[in-house]
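This report refers to the structure that appears directly beneath it.
The values are calculated or read from the model by the stated rules, or taken from the named source; none is laboratory data. Predicted model only: the values in this text are computed from it and were never measured. Every residue, glycine among them, receives a Cβ derived from its backbone with ideal geometry; neighbour counts consider all protein chains shown.
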Amino acid sequence: MSDESQPEQGAPRPDSRLKAGGKLPGRPRGGGDQPGPSRTPQAPGGPRSVPGRSPWRATGILVVLLILGWFVVGVFGSSAPAPRQLSYTTFLSQASAGKVRSVTISSSGGLTGTLKDGQTFTSQVPTALGQSDLVAQMQKDHVGLTATGSGTDWAALLWTFVSLGLLGGLFFFMTRRASAQVGAFGGVGKVRAKVSDTERPTTTFADVAGYEGVKREVAEIIEFLRTPERYRRAGAVGPRGILMLGPPGTGKTLLARAIAGEASVPFLSVTGSAFVEMFVGVGAARVRDLFVNARKVAPAIIFIDEVDAIGQRRGGSMVSNDEREQTLNQLLSEMDGFDPAEGIVVLAATNRPEVLDPALLRPGRFDRQVVVPLPTRSERHAILTVHSRDKHLAPGVDLDAVARATPGFSGADLANLANEAAICAVRAGRAIIEADDFGEARDRILLGHRDASRVLLADERHSVAVHESGHAIVAALLPDADPVAKVSILPAGQALGVTEQLPLDERHLFSERHLLAALAVRLGGRAAEIVVNGEGSTGAADDLASATQLATRMVREFGLSPEMGPVGYTTGSPMYLGKEEVTMRTYSEATQRVVDEAVQRILREAEDRATRLLQTHRAALDKLAELLVEKETIDGSAVDEVLAAAGHRLVRRGAA
């Protein structure tokens with residue numbers, strides 16, 4: 001089944017995603033949000049040293065290794081056997097027998113020596129006996145006396161001093177590191193902003209494909225930064241802040257850099273999460289530091305990406321976050337306090353305007369809100385042209401056709417599409433990108449990887465073919481439905497088959513008859529299974545979910561049911577991330593019961609409508625299912641040919 005194009009401000013998004021027989025994977029979001037290429041300027045001051053690589057670090061590692069080596073040598077360096085312990089009586093008898101080669105007598109009466117068989121020994125002179133008699137006895141027994149008296153054990157003393165020195169060096173190194181880290185707390189309040197001062201951003205509006213309306217909206221900022229005296233002479237105050245809203249990937253960051261590039265002023269870029277720390281007060285200090293730096297290089301542009309990280313509504317949660325609120329308060333104070341004549345403009349971007357604090361959006365702070373929407377067909381064509389500059393396209397590639405086949409794609413999605421098409425060409429052993437590569441890349445993005453090893457059973461293939469044929473026949477017969485572009489029963493991702501519809505034109509307003517036609521198309525797969533097989537299957541699960549969601553919005557938000565009448569329960573703010581905000585229900589159980597009954601009625605009528613069409617054109621349904629089983633993938637013209645052969649004349653209206 002197909003996810004129909006959807007209206008703005010609460011209606012379904014224009015999208016060409018269609019499926020049957022499984023769950024449809026979500027669209028990729030975020031990342032690379034520029035519709036055109038961007039050249040990142042270098043930071044002032046030339047190349048910087050690599051963080052974390054200081055000479056102290058290498059010295060510390062060397063000291064530790066030396067200490068470990070010293071102890072290893074001291075403990076395990078000697079491989080000689082342990083000396084033999086002899087009693088004093090045994091030692092005297094061994095010496096009298098001529099078995100002692102040499103002996104050393106220490107001042108404490110300790111004896112160490114070597115026997116004639118090479119073995120070392122140790123012994124101890126009893127305290128009650130004198131050492132002078134022992135010396136005479138050793139001379140009498142012809143034992144070599146190598147040392148006597150109160151000499152110092154210099155080797156042991158040296159070992160002690162060296163060990164203490166190494167340990168002292170390690171302690172000194174560790175204290176220096178600790179001091180450096182403690183000193184770093186003095187810079188914890190410094191904001192880590194990317195400042196492009198020496199070399200202004202080189203990105204201009206020429207690098208931003210499409211979005212002419214948005215460019216005109218922000219043109220006054222450029223004029224204010226270039227010639228602020230014109231505004232002062234007229235007594236006008238330039239805009240202080242501009243908030244850019246829109247879905248992920250539409251190029252908000254690129255537009256901010258292009259504004260700085262057109263105005264030829266320094267560009268201070270920082271993300272909202274850079275202000276949030278575990279230490280209370282650090283975020284506020286970093287906000288102050290950011291504006292201090294901006295004043296030093298004014299006129300300048302401050303760009304805060306993902307401003308919702310610090311700009312969330314205060315008091316909107318049971319869990320308080322003093323650090324985030326203090327950071328927001330400091331930002332409000334800075335934006336309200338700096339002199340407009342300084343020539344500082346604050347740009348911010350977010351995908352979640354519904355969570356921002358109202359104080360941040362009042363006049364005098366973010367004076368203007370610029371919506372950066374998903375690109376139109378002509379803008380998608382321009383964006384694809386930009387991202388295809390460095391690629392070799394075959395003569396038959398029509399980027400306008402690719403743009404028509406990608407409604408709902410953002411600039412980042414189109415960049416990814418061009419890259420995936422190039423990968424498909426490389427996978428096929430070519431350096432030239434053909435039109436089929438764009439089609440394969442688009443299917444891979446929307447549906448996932450097509451697994452050739454995923455083989456369906458014969459009855460499953462027939463059931464999927466019937467299901468997709470039902471979608472295609474109903475879409476072709478209803479004049480208010482979008483035309484069929486392609487039908488396939490090849491499994492891809494979680495989908496077992498796909499029926500793809502593409503709108504004739506870009507829609508911004510959707511009538512009731514168009515939405516009812518979309519519901520009939522979505523339920524056409526299940527209706528075909530019941531008509532042909534006499535029963536439904538689990539393959540319609542995703543179709544039922546999307547149809548129920550659309551019917552619920554028709555009743556609850558669009559006022560398109562006689563049961564509810566002109567009543568709408570909406571969140572009241574755009575949801576650019578594609579998910580409804582989780583809020584408490586604002587109506588009673590009785591109203592919910594009316595909504596449920598109206599949704600059931602609309603869905604049953606849509607299914608009955610699809611069933612009647614398929615029963616009337618049963619021959620065309622069977623013929624199309626057989627064609628799908630044979631060829632696996634067909635285009636929309638084949639559906640029209642099957643219906644024409646059955647004697648049906650297609651009538652299609654323009655856009656709703």
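What residue, of Ala465, Ala421, Ala412, Ala435, is under 20 Å from Thr376 (Cα atoms) and surrounded by 15 or more Cβ atoms within 10 Å (Cβ to Cβ)?
From the options Ala465, Ala421, Ala412, Ala435, the qualifying one is Ala412.
Please go through segment 333-377 and give me each residue that is free of Cβ contacts under 8 Å to residues at least 24 places away in the same chain, of a type in the set (Ser, Thr, Tyr) and outside any helix (DSSP H, G or I), ordered by number.
Result: no residue meets the conditions.
What do you reckon, is Asp437 free of Cβ contacts under 8 Å to residues at least 40 places away in the same chain and not assigned by TED's automatic domain parsing to the domain that holds Thr499?
Yes, satisfied.
Would a scan of segment 307-324 turn up a residue that is in a helix (DSSP H, G or I), out of contact with any helix residue (DSSP H, G or I) (no Cβ under 6 Å at 6 or more places or on another chain) and surrounded by 17 or more Cβ atoms within 10 Å (Cβ to Cβ)?
The answer is yes, given that some residue of segment 307-324 is in a helix (DSSP H, G or I), out of contact with any helix residue (DSSP H, G or I) (no Cβ under 6 Å at 6 or more places or on another chain) and surrounded by 17 or more Cβ atoms within 10 Å (Cβ to Cβ).
Taking the stated definitions as given, is Ala458 surrounded by fewer than 23 Cβ atoms within 10 Å (Cβ to Cβ) and aliphatic (A, V, I, L, M)?
Judged against the criteria, Ala458 is a match.
Within segment 218-231, is there a residue that is farther than 14 Å from Val345 by Cα, of a type in the set (A, V, I, L, M) and buried (at least 19 other Cβ atoms within 10 Å of the Cβ)?
no
Please state which of the following conditions Phe173 fails to meet, knowing it meets all the rest: (1) assigned to a helix (DSSP H, G or I); (2) at pLDDT 80 or above; (3) surrounded by 14 or more Cβ atoms within 10 Å (Cβ to Cβ).
Going through (1) assigned to a helix (DSSP H, G or I); (2) at pLDDT 80 or above; (3) surrounded by 14 or more Cβ atoms within 10 Å (Cβ to Cβ) one by one, Phe173 breaks only (2).
What helices (runs of 4 or more DSSP H) lie completely within segment 378-463 and have 1 or more residues being in contact with a Gly (Cβ under 7 Å, 6 or more places away or on another chain) and under 30 Å from Glu535 (Cα atoms)?
435-447
Which pairs have Cβ atoms under 7 Å, sit 6 or more apart or on different chains, and link a residue in segment 465-478 that is within 16 Å of Leu490 (Cα to Cα) to one that is among the hydroxyl-bearing types (Ser, Thr, Tyr) and crowded, with 24+ Cβ neighbours inside 10 Å?
From segment 465-478, the pairs are Glu468/Thr499; His471/Ser2; His471/Thr499; Ala472/Thr499.
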